[in-house]
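Q: Got a structure for you, written out below as structure tokens; questions coming shortly.
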Amino acid sequence: MYSGRSKYQEIDVVETQDYGLCLILDGKVQSSLIDEFIYHEALVHPAMVTHPCPEKVLVIGGGEGGTIREVLRHNTVKNVVMVDIDEEVIRVSKTFMPQLSAGAFEDKRLRLVIGDGRAYLERTGEQYDVILIDVTDPLPGGPSYPLYTKQFYELVKKHLKPDGLMATQATSVFYSRKSYALIYNTLKQVFPVVRAYSAWVPSYASAWGFVLASLKFDPLDLSDEEVGRRLTERGVSTLKFYCPEYHKPLFALPLYLRKALEEEREVATDERPTFMPA
């Protein structure tokens, strides 16, 4: 449907038999219309629900618009800042896959900033209730690997309110288990509460990793009833993946992953970043 190159990456929109329309960046599927709801709901809602009243949210990345779409479901949210480095990804997504954003780019609560997410944090004085990192995988030569380091996570922490929290995508738990464990361990050096979780995303051919890091609130402290109450009060309905009964099970990892996280000792830094196998 589309093929081109921005200043930062290759961009393709491809129609596939199994997954429908897919947005592909640098040869890797980012979102498919068939299963994108799994990734976006898994990234957004555990963090949003864990915070008792998220009003200010920062999204770094998320050019296709699925992440802000899910954030804006919460009626507690008063404003969202989305910072994405690649304006072309946004344009292509809105043109060829408007279902991904479902009108979120037109929401009056959104302020869109075209620029580098790390540079934005370095210059802004704003603090947020929730910060969501929805950037591409840490690939050598790619635009996103500096957003997986200890220095970056310290910058994120600086821009969270005292009870704030963040969540990041953390690569495949199978094909890049080392990167997943390293991201988790790096966040543990910065935040007092760190929880790893995963969700199977068919178009990624893998269980996909996420990490939630918090200054105060622990997602495992929430009962099913409390999760349901918060979703109902905020008007969050018609979800396809995330639900109260699946909140805690998301954080239950198989033994081999638990061991990988427990045994990881390396920390990703600006000088020694982590890279996912290409």
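The values are calculated or read from the model by the stated rules, or taken from the named source; none is laboratory data. Keep in mind that this is a model prediction, so the values were computed, not measured. Neighbour counts are summed over all protein chains in view; Cβ atoms, including those assigned to glycine, are modelled from backbone coordinates with ideal geometry.
Q: For segment 211-222, which positions are assigned to a helix (DSSP H, G or I) and either surrounded by 17 or more Cβ atoms within 10 Å (Cβ to Cβ) or under 18 Å from the mean Cα position of the chain (by Cα) (or both)?
A: Within segment 211-222, just 219 meets the criteria.
Q: Taking into account only those residues within segment 122-136 that are of a type outside the set (Val, Ile, Thr) and surrounded by fewer than 23 Cβ atoms within 10 Å (Cβ to Cβ), which is farthest from residue 8 (Cα to Cα)?
A: Top of the filtered list is 129.
Q: In addition: Output the qualifying pairs, or none if there are none: Cβ atoms under 7 angstrom, residues six or more apart or on different chains, first residue in segment 21-32 and over 11 Å from residue 64 (Cα atoms), second residue aromatic (Phe, Trp, Tyr) and assigned to a strand (DSSP E or B).
A: Between residues of segment 21-32 that are over 11 Å from residue 64 (Cα atoms) and residues that are aromatic (Phe, Trp, Tyr) and assigned to a strand (DSSP E or B), there is no close pair.
Q: Mind checking whether some residue in segment 262-272 is over 26 Å from residue 19 (Cα atoms), in contact with a Gly (Cβ under 8 Å, 6 or more places away or on another chain) and free of Cβ contacts under 8 Å to residues at least 24 places away in the same chain?
A: No, that holds for no residue.
Q: Based on what the data block shows, is residue 29 surrounded by fewer than 23 Cβ atoms within 10 Å (Cβ to Cβ), at pLDDT below 95 and either among the hydrophobic types (A, V, I, L, M, F, W, C) or part of a strand (DSSP E or B) (or both)?
A: Against the criterion (surrounded by fewer than 23 Cβ atoms within 10 Å (Cβ to Cβ), at pLDDT below 95 and either among the hydrophobic types (A, V, I, L, M, F, W, C) or part of a strand (DSSP E or B) (or both)), residue 29 qualifies.
Q: May I ask you to list the residues in segment 186-210 that are in a helix (DSSP H, G or I) and surrounded by 23 or more Cβ atoms within 10 Å (Cβ to Cβ)?
A: Listed by number, the residues that qualify are 186, 187.
Q: Given 118, 123, which one is of a type in the set (Lys, Arg), out of contact with any Asp or Glu (no Cβ under 6 Å at 6 or more places or on another chain) and more than 19 Å from residue 7 (Cβ to Cβ)?
A: Result: 123 is the single residue among 118, 123 that is of a type in the set (Lys, Arg), out of contact with any Asp or Glu (no Cβ under 6 Å at 6 or more places or on another chain) and more than 19 Å from residue 7 (Cβ to Cβ).
Q: Let me ask something else. Return a yes/no flag: does segment 48-66 have any residue that is assigned to a helix (DSSP H, G or I), over 18 Å from residue 231 (Cα atoms) and out of contact with any His (no Cβ under 8 Å at 6 or more places or on another chain).
A: The answer is no, given that none of the residues of segment 48-66 is assigned to a helix (DSSP H, G or I), over 18 Å from residue 231 (Cα atoms) and out of contact with any His (no Cβ under 8 Å at 6 or more places or on another chain).
Q: If you don't mind, there's one more thing I want to ask. Could you please find all residues in segment 162-177 being assigned to a strand (DSSP E or B) and closer than 16 Å to residue 139 by Cβ? Even if it seems obvious, please write down each step before you answer.
A: We begin by selecting, within segment 162-177, every residue assigned to a strand (DSSP E or B); these are 162-172.
Result: 168, 169, 170, 171, 172.
Q: Which of the residues that make up segment 223-246 are of a type outside the set (Ser, Thr, Tyr), crowded, with 20+ Cβ neighbours inside 10 Å and closer than 28 Å to residue 174 by Cα?
A: Passing the criteria: none in range.
Q: Pick out the one residue from 71, 44, 77, 83 that is in contact with a Pro (Cβ under 7 Å, 6 or more places away or on another chain) and of a type outside the set (S, T, N, Q).
A: On the way: 71 fails: in contact with a Pro (Cβ under 7 Å, 6 or more places away or on another chain); 44 fails: in contact with a Pro (Cβ under 7 Å, 6 or more places away or on another chain); 83 fails: in contact with a Pro (Cβ under 7 Å, 6 or more places away or on another chain).
It is 77.
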